[in-house]
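Report on the structure given below.
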Amino acid sequence: MARLDETRPFLPVNIAVLTVSDTRTLDNDTSGATLAARVTAAGHVVAMRAIEKDDAGLIEVHLRRWIADPAIDVVITTGGTGITGRDVTPEAFARVLEKTIEGFGELFRMLSYAKIGTSTMQSRAIGGVAGGTYLFALPGSTGAVKDAWDDILVWQLDNRHRPCNLVELMPRLQEHLKAAE
């Protein structure tokens, strides 16, 4: 399935990790730690790591700050994608996204179905682009983080992945802004 073209150089990307939770700290944030470890193991850079409360306004502020930072290529959040009253990460994403990558959520749920069955319908995992930055919202479980990274993101964030990948599109993500000038 996944194929790497070893003749192409690996290009590390700068990834910010945001855990959305009312109860987690950096000391007990297993999902964020798992994601950060996988990012680093793949050869990428954890540019920032933080925890934010389950509050759409606060999450939005965090996202906008990281989107505006030219040193951050990708933002990955973990948590807040369920359907309970405090799960508001997709709502915060909706406030900032310029384009949604529908295939990310669809693919995540398809892969998740093989592991947790119909319970995957409760996930509102989402991906998109804003300000030339990729954004992905993952569920808060460590298993979901592993699934999203190992089965999707590690491949799409590797410019050697064929037939195509998200990294090779990065220089073109802001074309619409140049056209408006």
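Please treat every number below as a calculation from the coordinates, not as lab data. Not measured: the values here are computed from a predicted model. Please note: Cβ atoms are built from the backbone with ideal geometry, for glycine as well, and neighbour counts cover all protein chains shown.
Applying 1/(1 + (r/R0)^6) with r as the Cβ-Cβ distance of Ile83 and Lys146 and R0 = 35 angstrom yields a FRET efficiency of 0.95. For region 28-181, the relative contact order works out to 24 percent when only alpha carbon pairs closer than 8 Å and six or more residues apart are counted. Evaluating 6.51 cos²θ - 1.76 cosθ + 1.60 at θ = phi - 60° for every residue in region 11-24, the Karplus couplings come out as 10, x, 10, 8, 10, 9, 10, 10, 8, 9, 6, 8, 10, 7 Hz, glycine and proline recorded as x.
Karplus-derived 3J(HN,Hα) values for region 129-139, using 6.51 cos²θ - 1.76 cosθ + 1.60 with θ = phi - 60°, are 9, 8, x, x, 10, 7, 10, 9, 10, 10, x Hz; glycine and proline are entered as x.
Each Lys and Arg Cβ is given +1 and each Asp and Glu Cβ -1; about its Cα centre, the chain then shows a dipole of about 200 debye. Estimated purely from DSSP H runs of n ≥ 4, each contributing -39500 (n - 2.57), the mean residue ellipticity at 222 nm for the chain is -10000 deg cm²/dmol once divided by its residues.
Rg and Dmax, both from the Cα atoms of region 11-180 and both in Å, are 14.9, 46.
The alpha-carbon of Lys53 sits under 17 angstrom from the alpha-carbons of these aspartates and glutamates, leaving out residues fewer than 8 places away in its chain: Asp22, Asp27, Asp29, Asp87, Glu91. Subtracting the Cα-Cα distance of Arg109 and Thr30 from 0.36 nm times their residue separation leaves 26.3 nm of extension gain.
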